[in-house]
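**Student:** There's a structure below that I have some questions on.
The values are calculated or read from the model by the stated rules, or taken from the named source; none is laboratory data. Just so you know, these numbers come straight off a predicted model, no measurement behind them. Every residue, glycine as well, gets a Cβ built from its backbone with ideal geometry; the counts of neighbours run over all protein chains shown. Quick note on the areas: whole protein, heavy atoms, side chains included, nothing else; ligands and nucleic acids left out. Shrake-Rupley method; radii C 1.70, N 1.55, O 1.52, S 1.80 Å.
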Amino acid sequence: QVQFVESGGGLVQPGGSLRLSCVVSGSRFENFAFSWYRKIPGIQRELVAQITTNGLTNYEDFVKGRFTISRNNTKNTVYQQMNTLTPEDTGVYYCHIPSRPDDEWGQGTQVAVSS
């Protein structure tokens, strides 16, 4: 069973930055693409960014130019650098394997953007 442990969230002012980490265990990490998702109050969990096995990335329009997803196969870790944060980015952020939707989700990490 794959496990996801997200961290790095916190409270930040508008315009600030955070770097999220997701340690993945129970899988052949290098064989999978990963995605970051977020759950905003009142909205279903939504896709934020994806990274393929060979490092190609894709972003939803609302984070393009502000967020950067990356991976370290030696540390079994996926990262998301988030810059120029706005209050609309407030929510719980999760990582997951898009090709394995039935795997249990981690606890996520809370991001709060407020002055």
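**Student:** Give me the accessible area per residue for the chain, probe 1.4 Å, as a whole number in Å².
**Tutor:** Numbers: 6070 Å² over 115 residues.
Each residue of the chain exposes 53 Å² on average to a 1.4 Å probe.
**Student:** Here is a follow-up. How do 53-59, 105-111 rank on mean C-beta neighbours within 10 Å, highest first?
**Tutor:** Values: 53-59: 11.9, 105-111: 17.7.
Ranked from most to least packed, the peptides come out as 105-111, 53-59.
**Student:** With all protein chains present, how much of the accessible area of the chain (probe radius 1.4 Å) comes from carbon and sulfur, to the nearest whole percent?
**Tutor:** Details: 2870 of 6070 Å².
Result for the chain: 47 percent of the exposed heavy-atom area is carbon or sulfur.
**Student:** Quantify how much of the Cα-Cα distance distribution of region 21-80 extends past 20 Å, in percent. Mind dumping the intermediate values first?
**Tutor:** Working: 475 of 1770 pairs.
That tail contains 27 percent of the Cα-Cα pairs.
**Student:** If you don't mind, another one. Are there GluC sites (Glu not before Pro) in region 26-115 that DSSP marks as loop and that have at most 12 other Cβ atoms within 10 Å, and which are they? Walk me through the intermediate numbers first.
**Tutor:** Working: sites: E30, E46, E60, E88, E104; in loops: E60, E104.
Passing sites in region 26-115 are E104.
**Student:** Could you check the simple spin-label distance between N31 and D61, using points 7 Å along Cα→Cβ, in nm with one decimal?
**Tutor:** Using points 7 Å along Cα→Cβ, the separation is 3.7 nm.
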